[in-house]
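Single-structure report; data block below.
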Amino acid sequence: MLEDALTYSRAGYSVFPVEQGGKKPLVNWTPFQAIRATENLISYWWTKYRSANIGIATGAISGFFVLDCDGMEQIQDVKRRGLPVTYSVTTGKGAHFYLNLPAFSVRNRAGILPGVDIRGDGGYVVAPPSVHPSGRVYHVSCDVPIANAPGWLLDLLKPVPIIPVQRPVV
């Protein structure tokens with residue numbers, strides 16, 4: 001796991017240890033939403049937590065967000081809507097589709113579609129070759145560069161402009 005964690009870090013991703021066979025961070029990961037751990041710190045963590053899973057902070061710190069689908073039905077739904085070929089991971093029960101950040105901030109959002117979440121600023125994913133709570137191993141299912149998000153997804157993610165309400169003068 002240490003070598004994989006270092007490989008992700010060298011690719012520019014913010015990594016931290018997550019419990020073996022789970023998803024709970026083993027360290028306070030909040031600082032690593034804004035800074036990346038050094039290789040020395042990563043080595044220390046995986047010396048202390050030898051079989052820890054690998055967490056990657058999503059959003060601006062790592063340069064991507066993730067479309068997190070909880071099952072085959074959700075995977076088929078997003079592919080039917082139009083999903084580019086992009087770096088993808090098979091999880092314990094679904095898939096993670098990694099996508100480049102657009103020109104606006106993408107925050108974590110649960111239920112953007114039924115059974116589909118967004119992992120962006122303020123979130124993280126568990127990365128291969130970590131072990132899912134089900135016992136299945138996360139693995140790369142499509143090893144290509146991270147693609148841009150499709151228009152339909154960007155439309156769902158765009159911040160809604162706030163229009164000031166003009167109040168009548170009394």
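The values are calculated or read from the model by the stated rules, or taken from the named source; none is laboratory data. In this text the structure is predicted, and so the values were computed from the model without any measurement. Here Cβ is always computed from backbone atoms with ideal geometry, including for glycine, and neighbour counts include all displayed protein chains. Calculation scope for accessible area: heavy atoms of the full protein, side chains included, ligands and nucleic acids excluded. Shrake-Rupley method; radii C 1.70, N 1.55, O 1.52, S 1.80 Å.
Details
- Test: residue in segment 149-165 that is within 16 Å of the chain's Cα centre (by Cα), part of a loop (DSSP other than H, G, I, E, B) and modelled with pLDDT of 95 or more: yes
- The selection criterion, being in contact with a Phe, Trp or Tyr (Cβ under 9 Å, 6 or more places away or on another chain), of a type in the set (Phe, Trp, Tyr), open to solvent by less than 40 Å² (accessible area, probe 1.4 Å) and under 25 Å from Gly111 (Cβ atoms), holds for Phe64.
- Within segment 90-116, residues that are within 21 Å of Tyr13 (Cβ to Cβ) reach partners that are open to solvent by 30 Å² or more (accessible area, probe 1.4 Å) and of a type in the set (Val, Ile, Thr) with beta carbons closer than 7 Å, at six or more positions or on different chains, in the pairs Tyr98/Ile146; Leu99/Ile146; Asn100/Ile146.
- Restricting segment 35-54 to residues that are more than 19 Å from Arg10 (Cβ to Cβ) and assigned to a loop (DSSP other than H, G, I, E, B), the residue that is most open to solvent (accessible area, probe 1.4 Å): Arg50
- Tabulated pairs, segment 13-25, first free of Cβ contacts under 8 Å to residues at least 24 places away in the same chain, second part of a strand (DSSP E or B), C-beta under 9 angstrom, 6+ apart or interchain: Lys24/Val18
- Unique residue being in contact (Cβ under 8 Å) with a residue 12 or more places away in the chain and farther than 28 Å from Arg36 by Cα when the list is Gly122, Gly135: Gly135
- Selected residue (only one of Phe32, Phe16, Phe65 is outside any loop (DSSP other than H, G, I, E, B), touching a Ser or Thr at 6+ places or on another chain (Cβ under 6 Å) and modelled with pLDDT of 95 or more): Phe65
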